[in-house]
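Taking it in order: structure first as structure tokens, then the write-up.
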Amino acid sequence: MSSQPDKTIEALLLEKRQFPPRKSFQEQANVRDPSIYRKADRDFEKFWAGFARELTWYKPWKRVLEWKPPKAKWFLGGKLNASVNCIDRHVLGPRKNKAALIWEGEPGDQRLLTYRELLREVGKFGNVLKSLGVRKGDRVTLYMPMIPELPIAMLACARIGAIHSVVFGGFSAESLKDRINDQGAKVLVTADGGWRRGNVVPLKKISDDALSDTPTIEAVVVVKRTGQPVGFDPKRDRWWHELMAGASARCPPEKMDAEDPLYILYTSGTTGKPKGILHTTGGYLVGTYATTKWVFDLKDEDVFWCTADIGWVTGHSYVVYGPLANGATCLIYEGAPDTPARDRFWDLVERHGVTVLYTAPTAIRAFMKWGTEWPEKHDLSSLRLLGTVGEPINPEAWIWYQKNIGGGRCPVVDTWWQTETGMILITPLPGLTRTRPGSATFPFPGVRATILDPAGREVKVGGGYLAITRPWPAMLRTIWGDEERYVSTYWTKWSRDVYFPGDGAKRDKDGYFWLLGRVDDVMNVAGHRIGTMEVESALVDHSAVAESAVVGISDDLKGTAIAAFVILKEKKSGPPAAGLHDELRGHVAKKIGAIAKPDKLFFVADLPKTRSGKIMRRLLRDIAEGRVLGDTTTLADSAVVDTLKAQYEEKEA
Ligand code: PRX
């Protein structure tokens, strides 16, 4: 949620710097011909079919697109397998012994898997899953650290036609349980633990807590990563290495329909219940393949490093499917950017010769804060292109990144997209686009986006809501088990053929898009989406809490920080019990995960509400950010705000 949209717009309007592509980059770029935008727009089905033809199909599609708003089907009648396109396709050619994955653990241990080796591992795990009773269409939950076994497990699911659902390792037992139950998963794959800042994240222990109430789970496969002792239920749990030792590497791929599901990935929305976004096989693969190739200007010699955790969509599309479909060499790093020191990323770039780096504004802001001495210790001259994603990037951070990491020579691509879109939709093309710091620039060729006002009128120049007005291949197909929510969340703001992403945006007179953040009750905390309702429900779940209101407030590092206002049940006159403040923050972490822990939490006697009982979040944000209060004329009881503000200022002091 952009907490100060007016100020943001003002700041962005002042941003006049422009960066045309350098000649040396342009000359070698995958896309050099500007007429591609016009051509793709004129016949977008033909445009996407061109990329689809570069992939391997068992059976060609009969029709590129069937669009019965808001339901799209892409590459109808086509048959393919995602793992074959990500691996076998390369093993059959000169990339056979090329590094597919270069992995480094936080403690410094390393592994390299060539395409051929990756194929063997994926085949073996495919057979392991089959031996555990997993069949086409079954769901497999993956709750794992950033280790090679995670992409192996994803691709093994894809190979046998099972639907994977990765749950980010920072989520709590309760979040894991809810996701397993929502999708009715048959098998859970996890690890004893993973390394994060020198500590073990006890994934198996958390899984055990989650599994106390997951009736559909029949087996749990556990990777031995950290080696600490874990509970083991011999009836349910199996060690990965033991199962793999006896498995054959020959695993014939399932011939999947283009519209067969590939995965479910949960994301927050405006209610307390996360949405299971469903992506299918053909369109998703075409979209991620095409955007990886063009946006990152991918070449065979590149070492591509997308720093996102595979638990989020960025990791799905640009650590696994997009780069591997392109036959790239991908770096995967398990741990934190400041372990053992604040130059870990730059050390990785130097040692592995990373050429394309894709990271998030929140990380860039942290690097800025840590200072240039850390990147300066390393030779970063291998880098030739930089990307960013996840939240609006402030021009200072963009410039810092371009100068201190890119050495002033690398193009920066600010890419806008979402879990739901599956692929990058608004982005520069590095050999063509004159970039402006803070702007994601233009829709990818073949994609149509615009800005609409609440009534659905187009805003040619100025601010409004971002809208996507034409289907794209990697678009979500539904919300798992909740078709009605799919329609109402994304396709009813204006009409059933216009997609509403929930973001505010502005277009300048040259047609550049400037993304301004969420316009709904979803916060973007350090690039991760968390619903205010989710945090409120977690707080109200605590026995001491009567009511709560949660808002996102501006934060230099995280972009948005979480501020919670809490009314306790017992309205005692004295202050709340010592320790309750931390207990409540801890309770949210326990219910959702540490990423949702409120940064600030305040006990209040009342909350500002409209006459119809709606909490006035705008006012809470004004208070939490110490601003002059906005319009309070719709308040039911305007005295509430004054009391609240006085209480808050007292706490801050
Ligand atoms: O608000 C937008 C913001 O992140 C949201 C999507 O979050 P998620 O589904 O978790 O996916 C993140 C990675 C694709 C969007 O609705 N967002 C993402 N990229 C940008 C962005 N905001 C501004 N600029 C971006 N480049």
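The values are calculated or read from the model by the stated rules, or taken from the named source; none is laboratory data. All values reported here derive from a predicted model rather than from experimental measurement. Glycine gets a Cβ as well: all are built from the backbone with ideal geometry, and neighbour counts include every protein chain shown. We work out accessible area using only protein heavy atoms, side chains counted, and drop any ligands, DNA or RNA first. Shrake-Rupley method; radii C 1.70, N 1.55, O 1.52, S 1.80 Å.
Could you grab me the full set of residues in region 28-47 that are part of a helix (DSSP H, G or I) and open to solvent by 10 Å² or more (accessible area, probe 1.4 Å)? Break it down into steps so the answer makes sense when it comes.
Of region 28-47, the ones part of a helix (DSSP H, G or I) are 28, 35-42, 44-47.
Within region 28-47, GLN28, SER35, ILE36, TYR37, ARG38, LYS39, ASP41, ARG42, PHE44, GLU45, LYS46, PHE47 qualify.
Per-residue answers, yes or no, for (1) without any contact (Cβ under 8 Å) to a residue 12 or more places away in the chain; (2) under 28 Å from ARG53 (Cβ atoms); (3) part of a helix (DSSP H, G or I); (4) of a type in the set (A, V, I, L, M):
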residue: ILE206; (1), (2), (3), (4): no, no, yes, yes
residue: THR216; (1), (2), (3), (4): no, no, no, no
residue: ARG238; (1), (2), (3), (4): no, no, no, no
residue: GLY272; (1), (2), (3), (4): no, no, no, no
residue: LYS293; (1), (2), (3), (4): no, yes, yes, no
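Just to check your reading of the model, which residue among VAL295, VAL286, VAL320, VAL303 is crowded, with 23+ Cβ neighbours inside 10 Å, more than 16 Å from the ligand (Cβ to nearest atom) and over 12 Å from the mean Cα position of the chain (by Cα)? Being crowded, with 23+ Cβ neighbours inside 10 Å, more than 16 Å from the ligand (Cβ to nearest atom) and over 12 Å from the mean Cα position of the chain (by Cα) holds for just one of VAL295, VAL286, VAL320, VAL303, which is VAL286. Condition check for ASP520 on (1) at pLDDT 95 or above; (2) of a type outside the set (Phe, Trp, Tyr); (3) under 15 Å from GLY269 (Cα atoms); (4) assigned to a loop (DSSP other than H, G, I, E, B): one failure, at (1).
Mind checking which residues of region 364-393 are touching a residue at least 60 places away in the same chain (Cβ under 8 Å) and either out of contact with any strand residue (DSSP E or B) (no Cβ under 6 Å at 6 or more places or on another chain) or over 30 Å from ILE426 (Cβ atoms) (or both)? Spell out the reasoning first.
Of all residues in region 364-393, those touching a residue at least 60 places away in the same chain (Cβ under 8 Å) come to 365-366, 369, 382, 384-385, 387, 389-392.
The answer is ARG365, ALA366, LYS369, SER382, ARG384, GLY390.
Take the residues of region 388-412 that are outside any helix (DSSP H, G or I) and among the polar types (S, T, N, Q): which is nearest to the ligand (Cβ to nearest atom)?
So in region 388-412, the residues outside any helix (DSSP H, G or I) come out as 388-394, 406-412.
Still in the running and among the polar types (S, T, N, Q): 388, 394.
Details: THR388: 6, ASN394: 11 Å.
Among residues in region 388-412 that are outside any helix (DSSP H, G or I) and among the polar types (S, T, N, Q), the one nearest to the ligand (Cβ to nearest atom) is THR388.
A quick yes/no check of all residues on (1) more than 9 Å from the ligand (Cβ to nearest atom); (2) open to solvent by 10 Å² or more (accessible area, probe 1.4 Å); (3) among the acidic types (Asp, Glu):
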| residue | (1), (2), (3) |
| --- | --- |
| ALA440 | no, no, no |
| PHE444 | yes, no, no |
| ILE451 | yes, no, no |
| GLU458 | yes, yes, yes |
| TYR465 | yes, yes, no |
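Residues checked against (1) under 16 Å from the mean Cα position of the chain (by Cα); (2) of a type in the set (Val, Ile, Thr); (3) more than 15 Å from the ligand (Cβ to nearest atom); (4) open to solvent by 10 Å² or more (accessible area, probe 1.4 Å):
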residue: MET475; (1), (2), (3), (4): yes, no, no, no
residue: SER488; (1), (2), (3), (4): no, no, yes, yes
residue: TRP494; (1), (2), (3), (4): no, no, yes, yes
residue: ASP497; (1), (2), (3), (4): no, no, yes, yes
residue: ARG507; (1), (2), (3), (4): no, no, no, yes
residue: LEU515; (1), (2), (3), (4): no, no, no, yes
residue: ARG518; (1), (2), (3), (4): yes, no, no, yes
residue: MET523; (1), (2), (3), (4): yes, no, no, no
residue: ILE530; (1), (2), (3), (4): yes, yes, no, no
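Do we have any residue at all in region 566-587 that's touching a residue at least 60 places away in the same chain (Cβ under 8 Å) and surrounded by 24 or more Cβ atoms within 10 Å (Cβ to Cβ)? No. The residues on offer are LEU385, LEU432, and the sole one that is away from the ligand (no atom under 13 Å from the Cβ) and under 22 Å from the mean Cα position of the chain (by Cα) is LEU385.
Working only within region 268-283, note down all residues that are of a type in the set (Val, Ile, Thr) and open to solvent by 10 Å² or more (accessible area, probe 1.4 Å). Once the filter is applied, which keeps residues that are of a type in the set (Val, Ile, Thr) and open to solvent by 10 Å² or more (accessible area, probe 1.4 Å), region 268-283 yields THR270, THR271.
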